[in-house]
Amino acid sequence: MARAKIALIGAGMIGGTLAHVAAREALGDVILFDIAEGTPQGKALDIFQASAVFGADVSLKGANDYADIAGADVCIVTAGVPRKPGMSRDDLIGINLKVMKAVGEGIAKHAPNAFVICITNPLDAMVWALQKFSGLPKEKVVGMAGVLDSARFAAFLAEKTGVSIQDIHAWTLGGHGDDMVPMVRHSTVGGLSLPDAVAAGFLTQDELDAIVKRTRGGGGEIVALLKTGSAFYAPAESAIAMAKSYLLDQKRVLPCAVWLSGEYGLSDLYVGVPALIGAGGVEKIVEFTTNDEEKAMFAKSVESVQGLIEACKVADASLA
Ligand code: LMR
């Protein structure tokens with residue numbers, strides 16, 4: 001069987017980490033693309049040399065020409081700029097929207113059959129724009145956010161309760177902004193819902209409330225620490241989990257920013273909900289039942305995403 005081709009659009013910190021993890025897991029041959037000359041070539045060569053140590057038979061190539069992504073099975077988009085301390089993800093909309101236009105056109109021309117995972121912020125609006133600019137099928141264009149947000153939620157729960165991360169299942173719903181919705185009733189510690197885990201003494205209600213707050217601000221916490229950019233290890237791992245589910249037809253249910261057409265009573269937008277990812281891309285959207293409080297929080301998060309999508313339409317008339 002031919003090896004898969006994985007195109008990574010953007011060779012910054014996430015792009016480099018993605019190339020490393022994809023090569024190490026022998027997911028396929030890697031093309032690391034960036035408009036900056038030398039950076040993708042240097043990183044690809046470095047990881048290729050490392051592959052002799054970790055022993056994976058993969059090829060890695062740096063590229064500055066979209067023609068090199070031709071025939072890619074998966075494209076993971078990190079191109080654009082990250083935020084710095086004091087900025088919100090939404091502040092990036094103007095600059096990153098222009099980048100999505102170039103990337104969308106490049107993918108449409110050279111890799112129209114790819115499964116596309118967008119990481120660029122503000123995530124839900126950028127994946128919406130990327131789908132519009134590329135014209136690729138909606139079930140083949142998704143945003144990485146929920147996997148990352150849920151991973152943060154799970155990691156904090158494991159740390160606080162002392163329960164193995166393998167026995168924690170955590171979910172977030174909604175946009176990749178500070179008003180995302182950590183799904184307390186639907187997340188579990190050792191099989192117990194979080195309210196039951198509190199009752200059983202795994203953590204206190206105050207500790208749970210603090211974890212919910214910390215999860216919502218998880219990206220900003222790292223931006224404040226790094227000072228020069230944003231998180232890259234966890235975002236890269238999250239996108240790799242999604243790429244693997246597609247490439248290996250694992251049919252994992254992962255929280256991602258997906259196109260909604262009626263699910264959750266919403267349409268014509270991308271927002272984070274659990275989705276089954278297999279060889280067909282997004283094969284099914286899973287609908288949680290929500291209570292009034294969760295519904296209201298989700299509606300607020302959706303409203304923020306819709307506002308950003310409207311801002312994209314104003315900034316680029318071709319999207320309206
Ligand atoms: C994250 O959540 O780490 C990313 O969206 C980057 C950011 O700006 O927070």
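What percentage of all Cα-Cα pairs in the range 95-183 are separated by more than 21 Å?
42
As an exercise, identify the trypsin sites (Lys or Arg not before Pro) in the range 140-249 lying in DSSP coil whose Cβ has no more than 15 other Cβ atoms within 10 Å.
In loop regions of the range 140-249 (DSSP not H, G, I, E or B), the sparsely surrounded trypsin sites (Lys or Arg not before Pro) are 227.
State the volume of the convex hull built on the alpha-carbon positions of the range 219-320, expressed per residue in Å³ and rounded to an integer.
Taking the convex hull of the Cα positions in the range 219-320, it is 147 Å³ per residue.
Cα atoms only: what Rg and Dmax, in Å, come out for the range 167-240?
13.9, 42
³J(HN,Hα) across the range 188-195 via Karplus (A = 6.51, B = -1.76, C = 1.60, θ = phi - 60°), whole Hz, x for Gly/Pro?
9, 10, x, x, 8, 4, 4, x
Fewest first, what order do 51, 230, 301 take by the number of other Cβ atoms within 10 Å?
So the residues, fewest neighbours to most, are 51, 230, 301.
If you find the alpha carbon centre of the range 174-247 and of the range 297-313, how far apart are they in angstrom?
Each part reduced to its Cα centre gives a spacing of 21 Å.
What percent does the relative contact order of the range 1-58 come to when contacts are Cα pairs within less than 8 Å and at least six residues apart?
37 percent.
Quick one: what does P(r) look like for the chain with 20 Å bins over all Cα pairs, in whole %?
That works out to 34, 58, 8, in percent per bin.
How much length, in nm to one decimal, is gained on full extension between residue 70 and residue 288, taken as 0.36 nm per residue of separation minus their Cα-Cα distance?
74.7 nm
No value in this document is a laboratory result; all are computed from the given coordinates. Just so we're clear, the structure is a prediction, and the values are computed from it rather than from any experiment. Note that we place each Cβ from the backbone using ideal geometry, even for glycine, and neighbour counts take in every protein chain shown.
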